[in-house]
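Below: the structure, in structure tokens.
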Amino acid sequence: MRFSKLYAPTLKEVPSDSDIKSIELLTRGGFIRKAASGVYTYLPLGWKVIRKIEDIVRQEMERIESQEILMPIVQPAELWQQSGRWEDYGPEMMKLEDRHNRSFTLGPTHEEMITYLIKNELRSYKQLPLSLYQINNKYRDEIRPRFGLIRSREFIMKDAYTFHDTEKSLDEAYDDFYKAYERILEKIGVKYVAVDADNGAIGGSDSHEFQMLADTGESSILFCDECNYAATDEKAESGEIYEFNDEKDKELELKDTPNVKTIEDVANFLEKDIKSIIKSILFKGRDGWVLALIRGDYEINISKLRGYLKDQTLHMGEPQEIKKEFDVETGFIGPIGIKNIKIIADNSIKTIKNAVVGGMEKDKHYINAVFERDFKVEAYVDIRIVKKGEKCPKCDKYLKEKRGIEVGQIFKIGQKYSKSMEAFYTDESGKQKPFFMGCYGWGISRTMSAVVEQLHDKNGILWPKNIAPFEVAVVIVSMKDKEQINMAEKIYTKLKNNGVEVIIDDRNVSTGFKFKDIDLMGIPLKIVVGKSLKDGKIEIKLRNEEKGELYSIDNMESILE
Ligand code: ATP
Ligand code: MG
Ligand code: MG
Ligand code: MG
């Protein structure tokens, strides 16, 4: 590929809706463009990365003998009515009607569709187990599409489904997928953890999530240093943890935990003076915000905490600006951003869905403020009291927390769909039985963003080689220098013939400009043909290293091999 021909409009400015680094870099680097909220176009570079991720996923699916199919996105309502999910799935489902008023959905997932597909055709135990997968667009009307491809409304998913006559056979397939998912993440080349997960709306028994580690991840992963147990926070159980996290995420030694109820108790427990704790809460705020968000089912009363509420309102209804100082009389409980948040007001605990309360004015209790609609969370607390019951279920040690981005999830769904949709096979004795099923999702487009979230620096993306849009960029420093051009072209052709994915920067722009684009795009290796060519040398620089090295062109043949 020639840079002069590449359609990759890069941007200097940070796009206004970059709520996370990956979306900024993917947009600025010319990988994707937003079409509507949660809906994106993949430009040539972005599509290359997507296809590489798909290739890795496909290879691993084929390895465990799953067969690729392609099911329709448009699915008739009847199938979902049979399974009961037409109602149960909720407002995330995008529904539509045809001209005859028949209802359809744009598939958010395909359990119903595949059960319908195999029903009456996959008949005998002799045909089992069966494993099918597809890579297809999915549609979910997320309540808050955000973080670009990480939570979009149209996204690409690999979804696989398996059918079995026994639970043992399902266990085996589950295990295959588990290992395949680990191999996918290893091939991509990212840090990840597989965690014990909740089954959510899908139903069934076992489930694991595959999480790429990233500080900005929406998932909280509790893990055990001792035995490698890891679970989503919803799943983890037992024990008590009191953690104090300062900027460096300093771990405190966990001791016998007292009954911490007030900030004084916390201070005593942490052997810190109360001022330093309050200060750290105040100062942690990115925007001068004060916010006490405490995860879990624990009461904490933070008294005499002062701070600002800014550019937001905590009232239902009309937004209004509150920019005055306040005293926080009461603490707030709940994971940051979402799900059953509990707040304490008047010594009673109220549970509010999809809400977090950002602060309170003395003698007033603002409840039911909806996150992002009414206020923004600009600060995290330093004190986090994880709810009662978070000890490792395997070895009884306290669990620690990391943030992650869920890129894949596998489920044993058992007979939920085969029973409700009457999908039966005939067993050895001629009896009709519902299948055992497994389902296995992988977010292809989310993976692209998650990788960037984990692997970037101040100059741009740091693609791992296996999914980089190009492995090598050959840079011609001076487009006026015939020798440089000839040498660069020679290297380019040679690499191309060797099957390396290479781009030559033949644009008539400054070298600095070229380097900026190439680094922003995250191309793992640069070969720079410049002034030192006079001494028979070219420079080779790895994207993630500070400095390049000069190589003699006499050695080029061997280097390029
Ligand atoms: P989340 O918890 O982030 O909402 P999910 O558990 O609802 O995800 P699954 O139903 O398990 O998602 O779907 C399988 C995979 O599809 C997820 O692991 C994720 O990688 C991807 N995915 C789910 N929702 C989205 C989305 N809105 N945008 C992009 N990818 C998504
Ligand atoms: Mg979801
Ligand atoms: Mg999830
Ligand atoms: Mg999931």
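Structure values in brief
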item	result
Residue count for segment 427-446, restricted to those that are of a type outside the set (Gly, Ala, Ser), closer than 19 Å to LYS168 by Cβ and either in contact with a Cys (Cβ under 7 Å, 6 or more places away or on another chain) or part of a strand (DSSP E or B) (or both)	6
Any hit, segment 105-119, residues being crowded, with 17+ Cβ neighbours inside 10 Å, of a type in the set (A, V, I, L, M, F, W, C), touching a residue at least 40 places away in the same chain (Cβ under 8 Å) and not in a helix (DSSP H, G or I)	no
Among (1) away from ligand 3 (no atom under 16 Å from the Cβ); (2) within 30 Å of GLY217 (Cβ to Cβ); (3) without any contact (Cβ under 8 Å) to a residue 60 or more places away in the chain; (4) surrounded by 15 or more Cβ atoms within 10 Å (Cβ to Cβ), the one test that PRO91 misses	(4)
Residue within segment 446-468 that is surrounded by fewer than 23 Cβ atoms within 10 Å (Cβ to Cβ), more than 33 Å from the chain's Cα centre (by Cα) and of a type in the set (S, T, N, Q) present	no
Those residues of segment 478-519 which are of a type in the set (A, V, I, L, M) and either buried (at least 16 other Cβ atoms within 10 Å of the Cβ) or over 32 Å from the mean Cα position of the chain (by Cα) (or both), in sequence order	MET479, ILE485, MET487, ALA488, ILE491, LEU495, VAL502, ILE503, ILE504, VAL509, ILE518
Neighbours by Cβ (under 8 Å, 6+ apart or cross-chain): first from segment 405-417, part of a loop (DSSP other than H, G, I, E, B); second more than 12 Å from ligand 3 (Cβ to nearest atom)	GLN415/PRO434; GLN415/PHE435; GLN415/PHE436; GLN415/MET437
SER131, sole failed condition from (1) more than 14 Å from ligand 1 (Cβ to nearest atom); (2) over 30 Å from LEU170 (Cα atoms); (3) polar (S, T, N, Q)	(2)
Segment 166-180: number of residues that are surrounded by 24 or more Cβ atoms within 10 Å (Cβ to Cβ) and away from ligand 1 (no atom under 15 Å from the Cβ)	2
Complete set of residues in segment 134-165 that are more than 26 Å from SER22 (Cβ to Cβ) and either part of a strand (DSSP E or B) or near ligand 1 (Cβ under 10 Å from one of its atoms) (or both)	TYR161, THR162, PHE163, HIS164
Selection count, segment 502-545, where residues are assigned to a loop (DSSP other than H, G, I, E, B) and closer than 26 Å to LYS21 by Cα	6
Residue tally, condition within 30 Å of LEU45 (Cα to Cα) and of a type in the set (A, V, I, L, M, F, W, C), over segment 431-450	4
Filtered residue count, segment 128-155, keeping only those that are under 22 Å from GLN75 (Cα atoms) and of a type in the set (A, V, I, L, M, F, W, C)	4
Subset of segment 412-436 that is within 16 Å of ligand 1 (Cβ to nearest atom) and in contact with a Gly (Cβ under 7 Å, 6 or more places away or on another chain) - its residue that is nearest to LYS191 (Cα to Cα)	LYS412
So GLY530, is it among the small types (Gly, Ala, Ser), surrounded by 15 or more Cβ atoms within 10 Å (Cβ to Cβ) and more than 19 Å from LYS48 (Cβ to Cβ)	yes
The listed residue being farther than 17 Å from PRO393 by Cβ, at pLDDT below 95 and within 15 Å of ligand 1 (Cβ to nearest atom), out of SER207, SER219	SER219
Residue list for segment 431-468, restricted to those being touching a residue at least 24 places away in the same chain (Cβ under 8 Å), more than 16 Å from ligand 2 (Cβ to nearest atom) and closer than 15 Å to ARG28 by Cβ	MET448, VAL452, GLU453, HIS456, ASP457, ASN459, GLY460, ILE461, LEU462, TRP463
Long-range neighbours under 7 Å by Cβ, at least six apart or interchain, first residue touching a residue at least 60 places away in the same chain (Cβ under 8 Å) within segment 2-13, second of a type in the set (Asp, Glu)	ARG2/ASP506; PHE3/ASP505; PHE3/ASP506; SER4/ASP506; THR10/ASP517
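The values are calculated or read from the model by the stated rules, or taken from the named source; none is laboratory data. Just so we're clear, the structure is a prediction, and the values are computed from it rather than from any experiment. We place every Cβ from the backbone using ideal geometry, glycine too, and count neighbours over all the protein chains shown.
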